[in-house]
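**Q** Please find one structure pasted underneath; my questions will follow.
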Amino acid sequence: MEALDTCDVLVVGGGPAGSTISALLAAQGRSVVLLEKAHHPRFHIGESLLPGNVELFEKLGVRDQVDKIGMPKYGIEFVPPDLDYCSYVDFSEGWDPSKDSAWQVRRSDLDELLFRNAATKGATAIEGARVSQVDFDDHGATVRAVLDDGATRTWRARFVVDASGRDTVLANKFKSKKKNPRHNSTALFGHFRDARRLEGKREGNISICWFEHGWFWFIPLADGTTSVGAVCWAYYLKARDKPLKDYFFDTIAMCPELNDRLKGATLVDDAVHATGNFAYSSTHATGDRYLMLGDAYTFIDPMFSSGVYLAMQNAFDGAAMVETALDRPAELRAARQAVEKKMRDGPRDYSWFIYRVTNPTIRDMFMHPQNIFNAKQGLMSLLAADADPAPGYRRSLFMFKAVYYFVSLINFKRTWAGWKRHSIAIRDVGALKGETVLRP
């Protein structure tokens, strides 16, 4: 008979969501096993954080460590394809001016920092352990993982947390993962040395640069490199007729301002990455003996840098639910409903903007930000991930949407043309599946 290790909670995935919930549960004195398929530090995209992350780092006791590896970020630059100026917004313009900054971070550094913190708090953190099987029964779950040397280990857990990111271990098991029919995009990205950045306080700001087939991110990192990526409609990448690196540089050339900033810059390791199937969600996030967090539950377009924040906030909310499941099972149903609602509501406001970002009305509003009816304050509080906004937040966000619909209505032909382009752009053309790294 194969020997079984036992634990209260087994967490699949050592990214921000998995490491955060492992640290929180271990700090309660629970036996927690955290399994990561790779070895830290390992590459990951999604380097831009939000002011909402700051409070979460403080609660974990790692804010000072993050500050040492991060590039300060105070706002966002919008770069249009057809105007000769850029627009700048600052997080301090939200309802809470104190939520005025965050960081850009190299994710390999941040993820390792959070993973080691979970171990420090008491979690058994194991790298090089890929989960191959999860079987539930009335009392918990049996989880099997394959180690780097081919050996297997098996755990008996009272509760399982899936924080496996885009591997979506449990969503695949339950066949509950659904592509988002309202958004279908892919991404090309790489890192550059010696890119020209903004000056002064804005040096660390993220730049969002629109182009014909999507948008670019431009994220300055503290070590002098800059992350540059193109999120584009699937049809565009499907039409690639040359090596990926050449296609990436041709795509950059479609954005004159970005192209100018990269003159003289060098592509790090001569590597270009590509990934597809960007937007999806699971039909549910919780069960009596399991919980899906972050990208293991849902993934939305990264335009507003919400990924790490949502993953960590999911972990804080989820830790309370796991505590209920283990200690007060009679209250679990209500706890599950509360977590399901929070995990749906979190991405919803961001998605409203993402679905409309190709529409000329939204672009005009971003390029000419006005605080009519406090609409700009509402938008900036959303983009700052203000978890505890002022009472007027919802009203100001509602007014932003009201202005959008009003302007769209009086410019009906332009709006209709924008929606027609969007409906064509999101068609499924079977673009990239999974993630690859391509070199010459």
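The values are calculated or read from the model by the stated rules, or taken from the named source; none is laboratory data. Bear in mind that the values here come from a model prediction, so they are computed numbers and not experimental data. Cβ placement follows ideal geometry from the backbone for every residue including glycine, while neighbour counts extend to all protein chains displayed.
**Q** Got a sec? Which of 110, 114, 60 is buried (at least 21 other Cβ atoms within 10 Å of the Cβ), hydrophobic (A, V, I, L, M, F, W, C) and within 12 Å of residue 47 (Cα to Cα)? Even if it seems obvious, please write down each step before you answer.
**A** Details: 114 fails: within 12 Å of residue 47 (Cα to Cα); 60 fails: within 12 Å of residue 47 (Cα to Cα).
Only one candidate passes the filter, namely 110.
**Q** Within region 302-335, restricting attention to residues that are under 16 Å from residue 52 (Cβ atoms) and not hydrophobic (A, V, I, L, M, F, W, C), which residue is surrounded by the most Cβ atoms within 10 Å (Cβ to Cβ)?
**A** Restricting to residues being under 16 Å from residue 52 (Cβ atoms) and not hydrophobic (A, V, I, L, M, F, W, C), the top hit is 314.
**Q** Of the numbered conditions (1) polar (S, T, N, Q); (2) touching a Leu at 6+ places or on another chain (Cβ under 7 Å); (3) modelled with pLDDT of 95 or more, residue 225 fails exactly one; give the number of that condition.
**A** Tallying (1) polar (S, T, N, Q); (2) touching a Leu at 6+ places or on another chain (Cβ under 7 Å); (3) modelled with pLDDT of 95 or more, residue 225 fails exactly one: (2).
Yes/no matrix, rows are residues, columns are (1) among the small types (Gly, Ala, Ser); (2) assigned by TED's automatic domain parsing to the domain that holds residue 384:
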| residue | (1), (2) |
| --- | --- |
| 43 | no, no |
| 46 | yes, no |
| 59 | no, no |
| 76 | no, yes |
| 113 | no, no |
| 127 | no, no |
| 130 | no, no |
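**Q** Return the only residue of 390, 311, 330 being over 23 Å from the mean Cα position of the chain (by Cα) and in the same structural domain as residue 48 (by TED's automatic domain parsing). Steps first, answer last, please.
**A** Values: 390 fails: in the same structural domain as residue 48 (by TED's automatic domain parsing); 311 fails: over 23 Å from the mean Cα position of the chain (by Cα).
Going through 390, 311, 330 in turn, just one is over 23 Å from the mean Cα position of the chain (by Cα) and in the same structural domain as residue 48 (by TED's automatic domain parsing): 330.
**Q** Anything in region 1-32 that is surrounded by fewer than 24 Cβ atoms within 10 Å (Cβ to Cβ) and β-branched (Val, Ile, Thr)? List them, or say none. Before the answer, list the steps.
**A** Taking region 1-32 and keeping what is surrounded by fewer than 24 Cβ atoms within 10 Å (Cβ to Cβ), we get 1-8, 24, 27-31.
The one that is surrounded by fewer than 24 Cβ atoms within 10 Å (Cβ to Cβ) and β-branched (Val, Ile, Thr): 6.
**Q** Given the criterion crowded, with 19+ Cβ neighbours inside 10 Å and either closer than 25 Å to residue 362 by Cα or over 23 Å from the mean Cα position of the chain (by Cα) (or both), identify the matching residue among 134, 146. Before you say what the answer is, go through the steps one by one.
**A** Numbers: 146 fails: crowded, with 19+ Cβ neighbours inside 10 Å.
Only one candidate qualifies: 134.
**Q** Can you tell me which residue in region 334-381 is farthest from the chain's Cα centre (by Cα), limited to those that are under 16 Å from residue 394 (Cβ atoms) and of a type in the set (A, V, I, L, M, F, W, C)?
**A** Looking at the filtered set, the residue picked out is 373.
**Q** Any idea how many residues of region 96-107 are surrounded by fewer than 20 Cβ atoms within 10 Å (Cβ to Cβ) and either within 28 Å of residue 191 (Cβ to Cβ) or in contact with a Phe, Trp or Tyr (Cβ under 8 Å, 6 or more places away or on another chain) (or both)? Spell out how you get there, then give the answer.
**A** The initial filter retains those residues of region 96-107 that are surrounded by fewer than 20 Cβ atoms within 10 Å (Cβ to Cβ), namely 96-98, 100.
Okay, now just the ones that are also either within 28 Å of residue 191 (Cβ to Cβ) or in contact with a Phe, Trp or Tyr (Cβ under 8 Å, 6 or more places away or on another chain) (or both), so 100.
So the count comes out to 1.
**Q** Further, regarding this structure: Tell me yes or no: at least one residue of region 174-190 is part of a helix (DSSP H, G or I) and either of a type in the set (S, T, N, Q) or surrounded by 21 or more Cβ atoms within 10 Å (Cβ to Cβ) (or both). Give the steps one after another, and end with the answer.
**A** Narrowing region 174-190 to residues part of a helix (DSSP H, G or I): 174.
Filter again for either of a type in the set (S, T, N, Q) or surrounded by 21 or more Cβ atoms within 10 Å (Cβ to Cβ) (or both), leaving none.
No, there is no match, as no residue in region 174-190 is part of a helix (DSSP H, G or I) and either of a type in the set (S, T, N, Q) or surrounded by 21 or more Cβ atoms within 10 Å (Cβ to Cβ) (or both).
**Q** If I filter region 121-150 down to residues being in contact (Cβ under 8 Å) with a residue 40 or more places away in the chain and among the hydroxyl-bearing types (Ser, Thr, Tyr), which single residue comes out as nearest to residue 36 (Cα to Cα)?
**A** The selected residue is 124.
**Q** Also, I was wondering about something else. Identify the residue in region 228-266 that is buried (at least 17 other Cβ atoms within 10 Å of the Cβ) and of a type in the set (Lys, Arg) and, among all such residues, is modelled with the lowest pLDDT.
**A** Result: 240.
**Q** Another one. Would you check which residues across region 184-222 are of a type in the set (D, E, K, R), under 19 Å from residue 85 (Cα atoms) and modelled with pLDDT of 95 or more and list them?
**A** Step one: list which residues in region 184-222 are of a type in the set (D, E, K, R), which gives 193-194, 196-197, 199, 201-203, 212.
Those left that are additionally under 19 Å from residue 85 (Cα atoms): 196-197, 199, 201-203, 212.
Once the filter is applied, which keeps residues that are of a type in the set (D, E, K, R), under 19 Å from residue 85 (Cα atoms) and modelled with pLDDT of 95 or more, region 184-222 yields 196, 197, 199, 201, 202, 203.
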